Amino acid sequence: MNSSYDAVIIGSGAGGGTVAYRLTRAGMRVLLLEQGPRFNPLQDYPLGRDDWERWDHFEKENPDSYVSAVQELAENAVPLMSTRFGRRLSRTNKTRFKYARASGVGGSTLRYQAETHRFSEHAFRMKSLFGIGEDWPITYKDLAPFYREAEEILGVAGDHDNPFRPPQEPYPMEAHPLGCPSRKIKTGAAKLGLTLHPNSLAIPSRPYRGRPACIYCRGCGYGCVIGDKGSVDVAMIDPAMATGKLTIKTGAKALQIKVNKEGKAESVIWKGKNGIEKSYGKKIIVSCGAIETPRLLLNSTSKLFPDGLANSSGKVGAYLMTHLSFIDVVLFDSPLKSYQGLPIDSRIWDYSSPEMTAKQGGGFALGVMGAPEGIVSPSRFAAFLAPGWGKSHKQYMQQYYGAHSAIFGVAEHIPRKDNRVSLSDKKDPDGIPKAHVAVTMHDNDLELLKHMKRRCHDLAEASGTKVIGTFSSLDTMGSTHVGGTTRMGNDPQRSVVNKFGQCHDVRNLFVADNSVFVTQGGGDSPALTIMALALRTADHIVTQAKKNNF
Amino acid sequence: MTRRFFLLSSLGLLFFPQKGLSLANEEIPDETILRSLLAVLIPSDDTPGAKETHLYEKLVGMLSTDHRRKEIYAEGLFMVRNKIGPDPLVEIDWELLAQSISRSTFFRFLRWDAMRFFYADRASWQAVGYEGPPIRGYKEYDRCGS
């Protein structure tokens, strides 16, 4: 069955869901294709079960979609690998990138910790200020109004009085009170001359736009059961549905984008419950994330675009960035309710500018996670973190369950041409080439990891905690934070989309996700920037459409 | 049906490593081995242990659907019998036995399963100060005491 819309959006996460929100409210008829399901939080999220942390309902890593190149690490990287009680977790010196995300209406915001950070002003001018990466074709000022609007839609609570963040008006809500681990670590940070700030979070502290107030269940990463968290399904998709202009197809996997003889994007071929279908759109917006978006474009070849759609520059897939992270799992002397509250309630931004990390380049931010993700419940703590067994294990549980926390660093990943997504010779069950993801850790990345490790250890010690484990993105952590594979720019030879996310080669084709990022910010979480850019892209689409009377 | 066959079947553990190989100390039922090791892993004292939370029954339930685990457990039980030796009258020090197999894949799985089942049981929560699954929320999360 064929169908025609004002716009077809592929992917319903932070980018696609936000574009759908804006376009439908402007009166456009929109089809939203989502590969995953629409979750029913009360039924599908297991947070009421006694064994709730056992379930992985979001299918975080999909081995059907990509293969990842293996890197043999040099000896100087080994000390940066993950440990438990001083012993390495991995038995090899090999590493490969793991892409962790959620598949479903709302995309990875279903499991994000609701961190909503604006990128710093300098993040948009890294090349001219520090000689790192590339400058964006827009400045912070261009994006500021869209940041503000996204914060209002989401209902962000935060502390605007922070000299390490761009100047801004107060958030829609005041910051949440810090949890017990953050209060302790704040004291440790002060000893080191660092300032711990409440995090800015899309988690309302009071009822907001039809959503209830947070109940502090620490469950954001497992799916928000009561629907207070500002994930895209509730904050963007529900209002878009209310317009009557949005059609959502779930279980709909986009296979290819077709172009007409004039080189305009014409339709999307997708596979759904009833087989192969084709949907036409006057505008087509790709929002599949920085791995799947280039994969779809590279798989959409035609006579006019033999190297992939919108790829005359050869830059589709290039400059892949992830986030580098290092986590210290720490123990306090006694329980601090670390499994309660908000997942990441505080951050330390002192190192978020490259000026603060000297030769390493790029910046990073420190943070406090409460009980580490994946080790929140007593059953996971007992199995993974508490040592030994028998009577001593029971005593350890009684003394330390709820006393475990995490101090982490998240660092900028410098964009490099050779870190990229290309097409693999391996195919998925539908015969579509998988993405081949090549991310190599360079010396600069290792230096940043080393720097973060030192700072995390210093903070752990100053806070009176004991480090019992480490997780390093080098070998264990899958990253959801990816970007850069259809970067934006003014020069069609060096970028894939323009400053509005519009493809240089195909004017009615847009990218609205983290693929358009030019840099990743100094440890900032990307969701808010994806949404702000998506609102800007959507406004451009509406303006264009109005000129043509839709 | 032999006694051994029956026991392995009831556990869902009937698996090729036992067939035709040494049946060391076959008098000791699988159930006894597993219950004894579970009691070492999570002993009962003034708070509940493996016994009170019916960990053995939970393990058997899991093994009836998890075939990969079933193989690991079957191999582990075979290894344990070999450790014990052929004398049916020998008194077994289960603590010592657990130490001796602690680096084996079987023991690691057994420990992991025991811990995750035990601490997902409400009977274990009071002792560790756990207030229960997230769904009810923890509105006093920021009351940290002194």
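What follows draws every value from the coordinates through simple rules; no lab data is involved. A quick note: this is a predicted structure, and the numbers were derived from the prediction, not measured. Here Cβ is always computed from backbone atoms with ideal geometry, including for glycine, and neighbour counts include all displayed protein chains.
Within the stretch B:48-146, the GluC sites (Glu not before Pro) that combine a DSSP coil assignment with at most 10 other C-beta atoms in a 10 angstrom radius are B:GLU91. Here's the picture: a label point sits 7 Å out from the Cα of A:GLU262 along the beta-carbon direction, and within the stretch A:281-295 the residues with their amide nitrogen under 16 Å of it are A:281-284. Under the combined filter of DSSP loop state and at most 14 neighbouring Cβ atoms within 10 Å, the stretch B:36-139 retains these trypsin sites (Lys or Arg not before Pro): B:LYS51, B:ARG103, B:LYS139. In terms of Cα atoms, the Rg and Dmax of chain A work out to 22.4, 75 Å.
Our note on the geometry: Cα centres of the stretch A:35-54 and the stretch A:105-151, 31 Å apart. Hey, with R₀ at 30 Å, roughly what FRET efficiency would A:ASP142 and A:LYS427 work out to, going by the Cβ-Cβ distance, to 0.05? Result of the calculation: an efficiency of 0.15.
Please report the spacing between the Cα centers of the stretch A:478-510 and the stretch A:68-85 in Å, no decimals. Rounded to whole Å, the Cα centres lie 32 Å apart. Once backbone amide H atoms are built at 1.01 Å from N, A:VAL105 has A:ARG38, A:PHE39 as its partners under 5 Å, excluding neighbours fewer than 5 places away on the same chain. Of the lysine pairs in the stretch A:268-412, how many meet both conditions: Cα atoms under 27 Å apart, and a spacing of 8 or more in sequence or different chains? Close lysine pairs under the 27 Å cut-off: 13. Amide H to amide H distances under 5 Å link A:VAL330 with A:SER405, A:ALA406, A:ILE407, A:ILE468, where only residues 5 or more positions off or on other chains count and H is placed in the peptide plane. What the Cβ-Cβ distance of A:ARG38 and B:TRP112 gives, at R0 = 51 Å and to the nearest 0.05, is a FRET efficiency of 0.90. The label point for A:GLU169 and the one for A:HIS540, both projected 7 Å from the Cα toward the Cβ, are 2.5 nm apart.
Rg ratio for the stretch A:78-118: its Cα radius of gyration over 2.2 N^0.38 Å, N being its residue count, equals 1.73.
Among the cysteines of the protein assembly as shown, those with no neighbouring cysteine Cβ under 4.7 Å are A:CYS214, A:CYS217, A:CYS220, A:CYS224, A:CYS288, A:CYS456, A:CYS503. Where Rh denotes the Kirkwood radius from the mean inverse Cα pair distance, what is Rg over Rh for the stretch A:111-205? Value, to two decimals: 1.02.
In chain A, excluding the sites themselves, the longest stretch lacking any of the trypsin sites (Lys or Arg not before Pro) that are in a DSSP loop with at most 11 other Cβ atoms within 10 Å is A:92-260. Converting phi to 3J(HN,Hα) with the Karplus coefficients 6.51, -1.76 and 1.60 and the offset θ = phi - 60°, the stretch A:518-532 yields 9, 9, 10, x, x, x, 6, 6, x, 4, 5, 5, 4, 5, 4 Hz in sequence order, with x at every glycine or proline. Converting phi to 3J(HN,Hα) with the Karplus coefficients 6.51, -1.76 and 1.60 and the offset θ = phi - 60°, the stretch A:274-281 yields 9, x, 7, 10, 9, 10, 9, x Hz in sequence order, with x at every glycine or proline. Residues A:THR187, A:THR18 in ascending order of nearby Cβ atoms (within 10 Å, fewest first): A:THR187, A:THR18. As a proxy for reagent exposure, ranking A:THR83, A:THR485, A:THR440, A:THR519 by other Cβ atoms within 10 Å from fewest up yields A:THR440, A:THR83, A:THR519, A:THR485.
Using only Cα atoms, find the angle between the long axis of helix A:140-154 and the longest principal axis of chain A, and express it within 0 to 90 degrees, rounded to the nearest 10. The helix A:140-154 is inclined about 80 degrees to chain A. Computed from backbone phi with θ = phi - 60° and the Karplus coefficients 6.51, -1.76 and 1.60, the 3J(HN,Hα) list for the stretch A:376-389 is 8, 7, x, 5, 6, 4, 5, 6, 9, 10, 6, x, x, 7 Hz; x is used for glycine and proline. For A:SER353, the residues 5 or more places off, or on other chains, whose built amide H falls under 5 Å of its own are A:PHE364.
Compared with the dominant principal axis of the Cα atoms in chain A, helix A:289-299 is inclined by about 30°. Electrostatic tally near A:THR24: other residues with Cβ closer than 12 Å to its Cβ, Lys and Arg +1, Asp and Glu -1, net +2.
Annotation: the residues A:LEU110, A:LEU192, sorted from fewest to most other C-beta atoms within 10 Å of their own C-beta, follow the order A:LEU192, A:LEU110.
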